[in-house]
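**Student:** Can you keep this structure in mind? I'll have questions shortly.
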């Protein structure tokens with residue numbers, strides 16, 4: 001090989017190395033810096049980004065949803081929204097867990113009756129040793145029978161349903177009422193309508209009175225925790241408007257309830 005050919009070969013090699021370096025460090029590096037998107041891993045039907053209540057649905061979500069619907073039957077589906085206490089909450093819900101649970105509830109209520117969908121929220125139940133992820137599984141599902149029904153259900157229409165299958169108020173109801181009063185009592189214009197219901201066992205007048213006793217019992221608790229009695233109306237609908245069949249014990253338990261309607265004037 002003559003000297004001229006050797007020089008040409010060396011120049012070609014240096015040029016090739018330079019092009020490779022430029023591609024890896026400038027072009028490819030910049031491509032990798034483009035805004036990332038969350039990709040759901042196989043087997044993960046749902047994720048939520050941090051500080052967001054918008055669900056990210058993976059390709060397995062529909063099959064996952066169908067399997068839950070098939071399993072619920074006449075039972076109830078409890079949807080627990082999970083959140084970190086330091087997440088920024090830009091929703092109208094009291095916390096991101098409730099907001100996430102309600103978004104998932106909307107995805108299921110076309111196939112499952114709204115009276116069978118129970119909303120809960122829990123904070124800081126997920127631990128990540130390597131630090132908080134960009135997105136995480138923000139909801140949990142549990143199928144429960146009426147006998148194990150969560151005693152308090154927050155609905156989307158400014159109402160809260162309290163199940164009172166027995167004469168004794170569940171301690172969880174007391175805790176929820178205390179939290180509710182803490183949130184609402186500072187607003188002097190907020191009023192509450194507390195409506196009691198019963199099952200259809202017995203005479204209509206007896207059922208009306210049973211519903212009114214339930215409503216007054218809840219009103220008493222609300223006043224005890226500091227909400228003005230003057231801004232609470234207690235009434236009864238007796239055995240009207242059942243949310244479940246009165247032909248089963250489970251259904252009658254669901255119908256023995258109180259609904260609190262929150263009016264923010």
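Any read-out appearing in this document is the output of simple, stated calculations on the displayed coordinates, not a laboratory observation. Bear in mind the structure is a predicted one, so any value in this text is a computation, not a measurement. Using ideal geometry, Cβ is built from the backbone for each residue, glycine included, and neighbour counts are taken over all protein chains shown.
**Student:** Can you sort 173, 194 by how many other beta carbons sit within 10 Å, fewest first? Provide the component values of the computation, followed by the final result.
**Tutor:** Working: 173 19, 194 25.
Going from least to most buried by this count: 173, 194.
**Student:** If R0 is 35 Å, what FRET efficiency do you get for residue 223 and residue 60 from their C-beta distance, rounded to 0.05? Can you show the working numbers first?
**Tutor:** Details: r = 49 Å, r/R0 = 1.40.
My answer for the efficiency is 0.10.
**Student:** I need the calculated FRET efficiency for the pair residue 241 and residue 68, taking r as the beta carbon distance and R₀ as 22 Å, to the nearest 0.05.
**Tutor:** 0.20
**Student:** What is the distance, in nm, between label points placed 7 Å from the Cα along the Cα-to-Cβ direction at residue 230 and at residue 205?
**Tutor:** Those two pseudo-labels are separated by 3.5 nm.
**Student:** Right, next: At residue 189 and residue 125, where each label point lies 7 Å from the Cα along Cα→Cβ, what is the point-to-point distance in nanometres?
**Tutor:** Each label point is offset 7 Å from its Cα along the Cβ direction, giving 3.6 nm.
**Student:** OK, next. Remind me, relative contact order of segment 54-135 in percent, using alpha carbon pairs under 8 angstrom and six or more residues apart? Please list the in-between numbers first.
**Tutor:** Working: 86 pairs, mean separation 30.2, N = 82.
In percent, rounded to a whole number, it is 37.
**Student:** Taking only the alpha carbons of segment 146-265, what extent do you get along each of the three principal axes, in Å, biggest first?
**Tutor:** If we take the Cα atoms of segment 146-265, the spans are 43, 29, 25 Å.
**Student:** May I ask for the distance between the Cα centers of segment 105-119 and segment 45-77, given as a whole number of Å?
**Tutor:** Between the Cα centre of segment 105-119 and that of segment 45-77, the gap is 11 Å.
**Student:** Return the distance in nm (one decimal) between the two label points of a simple spin-label model at residue 107 and residue 88, each offset 7 Å from Cα along Cα→Cβ.
**Tutor:** Calculated label separation equals 2.4 nm.
**Student:** Moving on. Can you tell me how segment 43-144 classifies by the Cα gyration tensor, rounded, prolate or oblate, using a/c under 1.5 as the rounded cut?
**Tutor:** Prolate.
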